[in-house]
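What follows is a set of notes on a single structure, which appears directly below.
The values are calculated or read from the model by the stated rules, or taken from the named source; none is laboratory data. Since this is a predicted model, take the numbers as computed values, not measurements. In this analysis, Cβ positions are derived from the backbone assuming ideal geometry, glycine residues included, and neighbour counts consider all displayed protein chains.
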Amino acid sequence: MTAKVITVTSGKGGVGKTTTVANIAVALATDGKRVVCIDGDIGLRNLDVVMGLENRIVYDIVDVIEGRCRTRQAMIRDKRLPELFLIPAAQTRDKNAVSPSDMVRLCDELRPEVDWILIDSPAGIERGFRNSIAAADKILIVTNPEMSAVRDADRVIGLLEAEEKAAPSLIINRLNQNMVKRGDMLSVDDVYDLLRIEVIGIVPEDENVVVASNRGAPLAMEGKTQAGQAFRHIARRLNGEIVPFMDFESLSLWDRISKLAWRK
Amino acid sequence: MNFFERLIGKKSANSAKERLQLVLIHDRTDMTPAALEALKDDLIAAISKHIDIDPSSVRIEVEHEGRSQRLIADIPLRVAARRRLG
């Protein structure tokens with residue numbers, strides 16, 4: 001196995017990065033893939049609660065990097081999916097405890113063991129963000145159809161261009177179709193027009209996301225929620241499948257968007 | 001939304017898109033509208049040294065194509081009146 005490293009980032013906080021990582025990870029692992037998630041937000045650990053694994057943490061990423069445990073010991077196995085693991089962020093350490101080259105080394109060590117490594121980047125464009133993108137083969141940018149989220153996404157895309165990283169793909173999260181119809185929310189097409197990067201996922205606003213995080217069981221695990229389905233579609237697209245965007249995912253511009261579906 | 005926009009029923013999503021288009025140009029080029037004005041003035045001064053132009057009809061804009069930006073300057077030349085008369 002040679003894992004592909006996917007980093008999920010956004011610029012702005014609170015747009016749904018952690019939810020996205022948890023759900024894509026669950027969807028990939030349900031499909032029988034071996035997946036490790038790394039929480040890159042040192043000092044503000046969160047992926048553990050969204051995945052429902054907060055009570056099992058013994059070691060964290062800083063323990064691995066500083067050699068207090070073996071990588072294996074910091075990998076928490078999911079309760080439901082035996083092929084899904086989490087390496088949690090350190091909660092008490094300062095964010096300079098990890099460097100970009102530490103992340104590259106950690107990912108290189110994990111690559112032969114798993115199929116996918118998903119990194120949950122912190123908000124912002126500082127050290128934690130730099131760490132999170134250092135080893136990335138593919139970067140996914142999460143945004144909401146809303147002014148400041150789109151602006152910050154553009155800023156991050158610009159930074160990645162300057163670093164000559166491979167072109168990132170876009171996930172438009174929390175799309176409210178009724179508001180779009182009323183003309184009170186940017187449409188998928190508007191956001192694409194502004195940012196001009198390939199759209200790999202469109203996730204509708206869904207109350208079930210909060211319910212799922214209350215329970216610590218990501219939506220993509222089961223059931224037929226629209227958001228869960230949208231996340232499963234993103235996972236399939238990452239696997240190289242061409243999955244058409246569903247009705248709720250796209251607007252009238254189905255054709256245009258589907259042409260952009262990610263191909264490996 | 002100003003009074004006029006309310007009158008013609010302009011949707012907030014359209015305002016958002018228009019505002020973002022401008023904001024993104026400035027973010028990407030690191031150039032404020034004031035800086036663009038200053039550039040325009042310098043350009044007019046430099047070109048006027050060599051050729052007769054009408055400063056009021058000069059237009060400078062940042063256009064975008066995909067994710068790349070370009071500076072477009074439209075500088076109409078004044079008709080060389082003397083030659084015509086002669």
Single residue of segment B:22-33 satisfying the filter (closer than 25 Å to A:K181 by Cα and facing chain A (nearest Cβ under 7 Å)) that is surrounded by the most Cβ atoms within 10 Å (Cβ to Cβ):
B:L24
Within segment A:104-133, residues being assigned to a helix (DSSP H, G or I) and buried (at least 19 other Cβ atoms within 10 Å of the Cβ) number 8
Failed condition for A:D60, given (1) touching a Pro at 6+ places or on another chain (Cβ under 7 Å); (2) farther than 16 Å from A:V203 by Cβ; (3) touching a residue at least 60 places away in the same chain (Cβ under 8 Å); (4) not polar (S, T, N, Q), with all others met?
(3)
Residue identified as exposed (fewer than 15 other Cβ atoms within 10 Å of the Cβ), within 14 Å of chain A (Cβ to nearest Cβ) and either on the phi > 0 side of the Ramachandran plot or not small (G, A, S) (or both) among B:E61, B:E37, B:E18
B:E18
Looking only at residues that are among the small types (G, A, S) and touching a strand residue (DSSP E or B) at 6+ places or on another chain (Cβ under 8 Å) in segment A:30-74, which one is nearest to A:V209 (Cα to Cα)?
A:G40
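Can you work out which of the residues in segment A:153-177 that are away from chain B (no Cβ under 13 Å) and in contact (Cβ under 8 Å) with a residue 60 or more places away in the chain is nearest to A:A135 (Cα to Cα)?
A:S169
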Based on this model, can you work out whether A:A136 counts as over 20 Å from B:E18 (Cα atoms), away from chain B (no Cβ under 11 Å), modelled with pLDDT under 95 and in a loop (DSSP other than H, G, I, E, B)?
no
